[in-house]
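Heads up: the structure comes next, in structure tokens.
The values are calculated or read from the model by the stated rules, or taken from the named source; none is laboratory data. Model, not experiment: these values are computed from the prediction. A quick note on method: Cβ atoms are made from the backbone with ideal geometry, for glycine too, and the neighbour counts reach across all protein chains shown. The accessibility values were calculated without ligands, DNA or RNA, using every heavy atom of the protein model including side chains. Shrake-Rupley method; radii C 1.70, N 1.55, O 1.52, S 1.80 Å.
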Amino acid sequence: AKALGRNRYCHFAPAMLEAVGERLQMGNDLRAAITAGQLQVHYQPVVELASGRIVGAEALVRWHHASRGWVSPARFIPVAEELGLINAIGERVFREAAGTALTLHRCAGLEAFQISVNVSPRQFVTPDALEGWLEHMRAIGLPGRCIAIEITEGLLLDERPEVARRLLEFRNADVEILLDDFGTGYSSMAYLKRFDIDSLKIDQSFVADMAGNGSDRAIVEAMIAMSRKLGLYVVAEGIETEAQRKVLCEAGCDFGQGYLFSAPVPRQRLLDMMRRPANG
Ligand code: C2E
Ligand code: CA
Ligand code: CA
Ligand code: CA
């Protein structure tokens, strides 16, 4: 490396070393936070667009760091994936979500409430990572339909047999499979057929640009029309305005989530929302 000369180093060093150090530090902090049980789970309600009724929620991991404050999962999940910490995080989120789903399942009139959990591709190919999930659900008496898993398009490109096998195990146990961030990846219709997906989640980037941009609106409408023809449910994410809700609803989108309805909230807040008579 020395042979590259001094000038090369000048271009490379400061920013990149800082980034590497930053990631190492974050990895160490994250490891400590997992051990200390400092990760929390928040829940973002999912509503039926036509009625406004809350039918489920997405579990989203939260990390409050003593000096950094709230760290976005968009930043620490990739680090966790890289360092092999994602299985521990995923397990924690799942356990917590399953407990919340069970509490809601036992509330009168909420038998159909469903909590979805994000699952990284890594978790599908790590031996034992998802092994205990269905067993745990059976052990606590939680029906499969009360949980859904959110996977991303990249996973469907993975041809390792354990991926297809695990997806089939979930499906056979009545656990719904949602394809997250639809439209941002490979979006091949062939995968939808091959893997027997239940629902698509239209990525929030399309929803955000829908109002001002004719072609984004056309794309969203086409995605919804196609999904309906394939017998898939559609969930739109990142709905922030009534105008967006209306367009989506008219296009036939079944469900949605976003700040218009509610930000992600702590478990107790979700339970309070669901116990309100209006949602009974
Ligand atoms: P995602 O799965 O696409 O989750 C949706 C993100 O949009 C969440 O960000 C949510 O808080 C945010 N959001 C909700 N409503 C609105 C809205 O109306 N407008 C806007 N602009 N944003 C909205 P969050 O919680 O920061 O999570 C970021 C990403 O981190 C998630 O994206 C997901 O990919 C990943 N993630 C979060 N929790 C987990 C987890 O437990 N496991 C795994 N593997 N990934 C997770
Ligand atoms: Ca998601
Ligand atoms: Ca998403
Ligand atoms: Ca997203």
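Of the residues P121, P78, P73, the single one that is of a type outside the set (D, E), on the phi < 0 side of the Ramachandran plot, at pLDDT 95 or above and within 11 Å of ligand 1 (Cβ to nearest atom) is P73. Report yes if P127 is modelled with pLDDT under 95, open to solvent by 40 Å² or more (accessible area, probe 1.4 Å) and within 15 Å of ligand 2 (Cβ to nearest atom), otherwise no. No; evaluated as a whole, the condition is false for this residue. Of the set (1) surrounded by 17 or more Cβ atoms within 10 Å (Cβ to Cβ); (2) farther than 20 Å from G238 by Cα, all apply to E150 but (2).
So, of the residues in the range 98-116 that are assigned to a helix (DSSP H, G or I) and not polar (S, T, N, Q), which turns out to be farthest from the chain's Cα centre (by Cα)?
Taking the range 98-116 and keeping what is assigned to a helix (DSSP H, G or I), we get 98-106.
From the residues that got through so far, the ones that are not polar (S, T, N, Q) too are 98-99, 101-102, 104-106.
On the way: A98: 15, G99: 18, A101: 16, L102: 19, L104: 20, H105: 21, R106: 24 Å.
Taking the candidates together, the pick is R106.
Here is the figure for the range 174-195: residues that are surrounded by fewer than 16 Cβ atoms within 10 Å (Cβ to Cβ) and more than 16 Å from ligand 1 (Cβ to nearest atom) total 7.
Exactly one residue among I34, I77 is touching a Leu at 6+ places or on another chain (Cβ under 8 Å) and farther than 26 Å from D272 by Cβ, and that residue is I34.
This table checks each residue for (1) more than 24 Å from E96 (Cβ to Cβ); (2) within 16 Å of ligand 2 (Cβ to nearest atom).
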{"residue": "R194", "(1), (2)": "yes, no"}
{"residue": "I197", "(1), (2)": "yes, yes"}
{"residue": "G212", "(1), (2)": "yes, no"}
{"residue": "E221", "(1), (2)": "yes, no"}
{"residue": "V234", "(1), (2)": "yes, yes"}
{"residue": "I239", "(1), (2)": "yes, yes"}
{"residue": "R245", "(1), (2)": "yes, no"}
{"residue": "C249", "(1), (2)": "yes, no"}
{"residue": "R267", "(1), (2)": "no, no"}
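Scanning the range 214-229 for residues that are among the hydrophobic types (A, V, I, L, M, F, W, C) and surrounded by fewer than 19 Cβ atoms within 10 Å (Cβ to Cβ) gives A218, I219, A222, A225, M226. Does the range 51-65 contain at least one residue that is within 19 Å of M26 (Cα to Cα) and in contact with an Asp or Glu (Cβ under 8 Å, 6 or more places away or on another chain)? Checked the range 51-65: at least one residue is within 19 Å of M26 (Cα to Cα) and in contact with an Asp or Glu (Cβ under 8 Å, 6 or more places away or on another chain).
Is there a residue being closer than 26 Å to L156 by Cα and either more than 16 Å from ligand 3 (Cβ to nearest atom) or open to solvent by 30 Å² or more (accessible area, probe 1.4 Å) (or both) anywhere in the range 263-278?
Quick first cut of the range 263-278, residues closer than 26 Å to L156 by Cα only: none.
No, there is no match, as no residue in the range 263-278 is closer than 26 Å to L156 by Cα and either more than 16 Å from ligand 3 (Cβ to nearest atom) or open to solvent by 30 Å² or more (accessible area, probe 1.4 Å) (or both).
Is it true that Q38 is polar (S, T, N, Q) and modelled with pLDDT under 95? When the stated conditions are applied, Q38 passes them. Of the candidates L24, L60, the single residue that is within 23 Å of V117 (Cβ to Cβ) and either assigned to a helix (DSSP H, G or I) or at pLDDT 95 or above (or both) is L60. Applying the criterion of being open to solvent by 40 Å² or more (accessible area, probe 1.4 Å) and in contact (Cβ under 8 Å) with a residue 12 or more places away in the chain to the residues of the range 53-67, the residue that is nearest to ligand 4 (Cβ to nearest atom) is R62.
Residues that are over 24 Å from D174 (Cβ atoms), open to solvent by 60 Å² or more (accessible area, probe 1.4 Å) and assigned to a helix (DSSP H, G or I) are absent from the range 89-97 altogether. From the set of residues in the range 230-245 that are at pLDDT 95 or above and out of contact with any Leu (no Cβ under 9 Å at 6 or more places or on another chain), which is surrounded by the fewest Cβ atoms within 10 Å (Cβ to Cβ)? So the residue we want is G238. The residue that is farthest from ligand 3 (Cβ to nearest atom), among those in the range 146-169 that are over 15 Å from S120 (Cβ atoms) and part of a helix (DSSP H, G or I), is P161.
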